[in-house]
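Read-outs throughout are calculated quantities, based only on the coordinates presented, and are distinct from any laboratory measurement. Only a predicted model underlies this, so the values are computations on that prediction, with no experimental measurement involved. Here the Cβ is made from the backbone with ideal geometry for all residues, glycine too, and neighbour counts use every protein chain on show.
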Amino acid sequence: MNGHETAVWQALWVWTPFLLGGFAVNILIAVNAMVIGTFLGWGLAVLRLSVKPRVVRLSLLITAFTRNIPTIVFQFYLVFMLPSEFKLPGTSITVGFPGWLIASMALAIAVVGFTSDNLTKALRDWRQGDHSVAFLFIPSWTSYMLIIVIASSTASIIGVSELVSRCNTVVNATGRTSLMLPVYLYACALFFLFCYPLTQLMRKVHTRLAAGMQTS
Amino acid sequence: MKASWSQWVVALCIVCLQGVHAGEVVAKPSERLALIKQRGALIVGVKTDYAPFGTLNSAGQPEGLEHDLAADVARRLGVSLTKVSVTGANRLQRLEEGVVDVVIATTGDTVERRKIATMVEPNYYASGVTLFMRPDQSIADWAATRGQKICATQGSYFNRAMAERFLLDLQMFNNARDAKLAVKDRRCVGYLFDNTAIQGDLLLPEWAGYKAPLPPQLVTPWAVAISRREQGTELEYFLGDTLAEWHRTGFLVERERAWRLPPSQFLADMRTLWTSLGSDGKPVCVRDAEGRWPAACRNRIFLNSTDASGLRRLGLWWKEQTGMDLSFVYDSYDRSRFLLGLATTVLLMVLCVLGSIVVGVAGALVVEARIPVLTRVARWFCNIGRMTPPLLVIYVFVFGLSSALMHTVGVAVEPMVVVVLCLSVYTGSSVMVSFLEATKVVRASEPGYRLRLLTFKQILPLASPSATAALINVSKATMMASAVAVPELLSVVTSIMAENGNVAVMMNTLLLTFFVLIFFTTRLLDWVDRMLRGGMP
């Protein structure tokens with residue numbers, strides 16, 4: 001190992017807490033997006049199982065709408081269109097929308113579509129008594145969350161201080177362009193090490209549940 | 001009968017008079033011009049605190065670019081020049097009081113100021129807002145400043161607009177000195193300030209190596225100002241013609257160079273405009289019968305619907321009525337940018353969808369071919385492709401590897417190609433997984449089944465829903481290209497928005513455009529899917 005490589009490893013080590021903090025923001029954004037999106041998507045799924053055809057049609061229309069809006073565009077839409085600050089009615093407290101919340105709301109739109117489609121099926125199975133089939137929703141939901149974790153990296157485009165954005169900060173702060181490639185690869189590795197094992201686990205759970213269904 | 005005869009004569013006379021006057025400008029006589037000639041001196045209000053436009057030299061003598069302009073005006077009038085030092089606060093007041101004849105003192109031309117003074121067109125210079133940055137700063141465009149810490153001085157009129165249009169995280173300082181030191185200490189990415197002032201700083205030895213490469217934003221043109229009462233007089237026309245000639249002959253560009261200012265885009269564009277010839281071989285910028293410059297030669301921020309014609313007139317009228325600025329429809333420059341962005345996005349979508357299909361099909365075939373090493377490699381490729389953010393991989397190639405490639409092979413990496421490759425691998429991996437899953441299901445009922453190009457149709461009904469979903473996703477993800485400065489729709493829309501301030505209009509347009517694009521992509525993919533399945537034996 002030559003001097004240059006040692007310097008690179010040292011720099012990565014020094015900046016690791018900062019970068020991990022950024023990755024925590026990615027996970028926070030993804031979890032929030034899942035919570036918001038699942039809640040709204042669940043509402044749409046319930047409406048889709050309604051006996052009134054008009055309600056079903058409305059729900060399908062909204063679901064189709066959420067599918068047609070790219071999350072990156074929606075992110076820009078929210079960040080520019082929401083007021084940067086507003087007063088809570090009746091008080092003198094001003095509140096703003098932090099970037100991570102905007103990113104969560106934007107990514108939630110994809111989760112709404114996903115939940116609406118998948119939960120409709122799960123709820124239908126549940127009502128028909130196929131409880132174990134309905135449980136398949138859980139591993140697919142978790143796998144989808146990992147997709148959202150990866151998608152949360154686009155929040156850097158609107159300046160949210162998550163992992164990708166912090167990589168750029170590190171390169172700028174050290175003023176060393178030679179650090180660019182190692183830092184980006186390091187961040188890639190973080191994403192992979194988080195997402196790959198969980199995806200494999202969820203696949204196993206899915207297979208186990210599906211196998212359990214056939215035997216029962 | 002008599003009455004109608006006299007009416008005819010009057011009408012004929014009017015026609016004759018118009019005929020005589022066409023092509024020759026009728027200007028009101030100017031009281032001020034008469035006074036200047038009578039006294040034999042032109043009194044110009046200039047600055048002495050704004051280097052290099054107006055300053056005091058080491059001998060205490062006033063000089064500067066604007067002083068040169070004043071001297072040239074006096075020379076053309078054949079009178080001597082008297083300079084009066086004015087400040088930003090009193091320059092227009094001095095004009096109103098009649099103390100000075102003309103003001104050439106870094107006066108920004110705005111709609112408000114046009115109510116209290118006559119701003120002579122064309123404008124002679126322009127200033128905007130830029131970023132003063134450290135020598136090692138790698139930020140190359142405004143989009144890269146989103147969310148970054150930027151130093152600014154309290155009370156600058158542009159702080160709020162810049163923060164809103166570029167999502168800057170502004171760190172406020174009391175004065176320019178502190179803000180610049182904060183840049184030096186790496187406490188912020190750059191200092192947001194007027195570009196002409198920053199250009200002055202960059203000439204100082206203290207800031208050697210510092211730079212301000214970002215194109216100025218919120219550009220305000222500078223105008224030669226005369227009294228409000230002199231509007232439409234010989235004096236205004238004389239100054240306007242002089243300014244036009246300065247642009248045509250390159251006098252302004254030459255003075256800019258002489259004062260060691262970096263070449264401004266504004267002067268270069270103006271020179272091109274004022275020397276351009278129409279399809280009939282005549283200069284585009286000549287005064288019309290009423291003495292006005294044509295709309296094409298005027299600054300579009302001062303145009304209203306009565307000045308323009310055709311589509312632009314309709315667009316400006318709509319803007320005046322509703323406040324909605326649809327510049328991407330009526331303004332030819334914005335329109336061509338918008339259409340180019342749209343075309344780039346459509347091209348990106350097509351290439352990414354095709355690329356993903358190729359990667360997916362090829363990957364699935366390799367895995368199924370069960371070639372010892374290659375199958376393993378393909379599986380890992382697929383895993384890594386799916387589990388790393390495409391944006392990060394794009395950065396790895398565009399920023400990390402491009403410099404290495406440039407040094408070793410001398411090849412520059414085209415960002416658009418990188419985006420298509422990275423997104424194709426990311427989505428192709430998902431497509432590949434859906435093919436392999438479907439193969440597994442088919443094999444459960446038909447143990448001997450192997451995926452080959454010829455047996456592909458068998459898995460299509462099972463694989464196509466998830467594969468189609470992935471392909472729709474990749475067409476949505478093409479906007480990532482804006483992060484590496486590919487001029488696709490998102491980056492075009494944000495730059496049109498930053499220049500015109502029509503945030504709501506552009507954001508709604510963007511959302512609607514994508515809605516329609518994705519709608520048609522979905523329809524198209526469904527149709528292809530049906531065709532493929534319909535062709536099944």
**Request:** Calculate the length of the line joining the C-alpha centroid of the range A:116-133 to that of the range B:174-205, in whole Å.
**Result:** 62 Å
**Message:** For B:Thr107, what residues show an amide H to amide H distance below 5 Å, using hydrogens built from the backbone and excluding near sequence neighbours?
**Reply:** B:Ala223
**Prompt:** Nearest 20 debye, what's the magnitude of the dipole of the protein assembly as shown about its Cα centre given +1 on Lys and Arg Cβ and -1 on Asp and Glu Cβ?
**Reply:** 2240 debye
**Fill in**
Charge tally for neighbours of B:Gly147 with beta carbon under 12 Å away, counting Lys, Arg as +1 and Asp, Glu as -1, is +1
**Complete:** Links exceeding 24 Å between C-alpha atoms in this model, out of A:Lys52/B:Lys476; B:Lys149/B:Lys184; B:Lys83/B:Lys180; B:Lys47/B:Lys211, come to A:Lys52/B:Lys476; B:Lys83/B:Lys180; B:Lys47/B:Lys211
**Prompt:** Rounded to the nearest 20 Debye, what is the dipole magnitude of the range B:127-217 about its Cα centre when Lys and Arg each give +1 and Asp and Glu each give -1 at the C-beta?
**Reply:** 160 debye
**Prompt:** What is the Cα centroid distance between the range B:220-238 and the range A:170-189, reported in whole angstrom?
**Reply:** 55 Å
**Request:** May I ask you to evaluate 6.51 cos²θ - 1.76 cosθ + 1.60, the Karplus curve with θ = phi - 60°, for each residue of the range B:383-391 and list the ³J(HN,Hα) values in order in whole Hz, giving x for glycine and proline?
**Result:** 4, 5, x, 7, 9, 10, x, x, 4
**Asked** If you rank B:Ile150, A:Ile62, B:Ile198 by fewest surrounding Cβ atoms within 10 Å, what's the result?
**Response** A:Ile62, B:Ile150, B:Ile198
**Request:** Could you list which residues have their amide H under 5 Å from that of B:Phe173, counting only those 5 or more apart in sequence or on another chain, with H placed in the peptide plane?
**Result:** B:Ala152, B:Thr153, B:Gln154
**Cβ-defined net charge surrounding A:Asn26, 14 Å radius [Lys, Arg +1; Asp, Glu -1]** = 0
**Request:** Can you check what the Kirkwood hydrodynamic radius comes to for the range B:203-256, Cα pairs only, in Å to one decimal?
**Result:** 14.6 Å
**Fill in**
Within the under-13-Å Cβ sphere about B:Gly78, not counting B:Gly78, Lys/Arg +1 and Asp/Glu -1 give a net charge of +3
**Request:** Could you work out, for the range A:61-180, what percent of all Cα-Cα pairs fall into each 5 Å distance bin, beginning at 0 Å and stopping at the bin that holds the largest distance?
**Result:** 2, 10, 14, 14, 14, 13, 12, 9, 6, 3, 1, 1, 0
**Long-range HN-HN contacts of B:Ala41 with modeled amide H, under 5 Å** = B:Ser80
**Whole-angstrom gap from the range B:463-537 to the range B:98-127, using each part's C-alpha centre** = 46 Å
**Request:** Would you list, by chain and number, the aspartates and glutamates whose Cα falls below 16 Å from the Cα of B:Lys37, excluding same-chain residues fewer than 8 positions away?
**Result:** B:Asp72, B:Asp101, B:Glu230, B:Glu234, B:Glu236
**Request:** Towards the positive end of the charge dipole of the range B:333-534, with charges on Cβ (+1 Lys, Arg; -1 Asp, Glu), say which of B:Val474, B:Phe399, B:Phe435 has the farthest Cα.
**Result:** B:Phe435
**Fill in**
Computed, not fitted: 222 nm per-residue ellipticity of chain A from DSSP H runs ≥ 4 (each -39500 (n - 2.57)), nearest 500, equal to -27000 deg cm²/dmol
**Request:** Would you kindly calculate the mean projected area, averaged across all directions, of the convex hull enclosing the Cα atoms of chain B, in square nanometres?
**Result:** 38.7 nm²
**Message:** Could you list B:Met387, B:Met531 so that the one with the fewest beta carbons within 10 Å of its beta carbon is first and the one with the most is last?
**Reply:** B:Met531, B:Met387
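What is the fewest-to-most order of B:Ser264, A:Ser143 by other Cβ atoms lying within 10 Å of their Cβ?
A:Ser143, B:Ser264
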**Value of [θ]222 nm, deg cm²/dmol, for chain B, DSSP H segments ≥ 4, -39500 (n - 2.57) each, nearest 500** = -17500 deg cm²/dmol
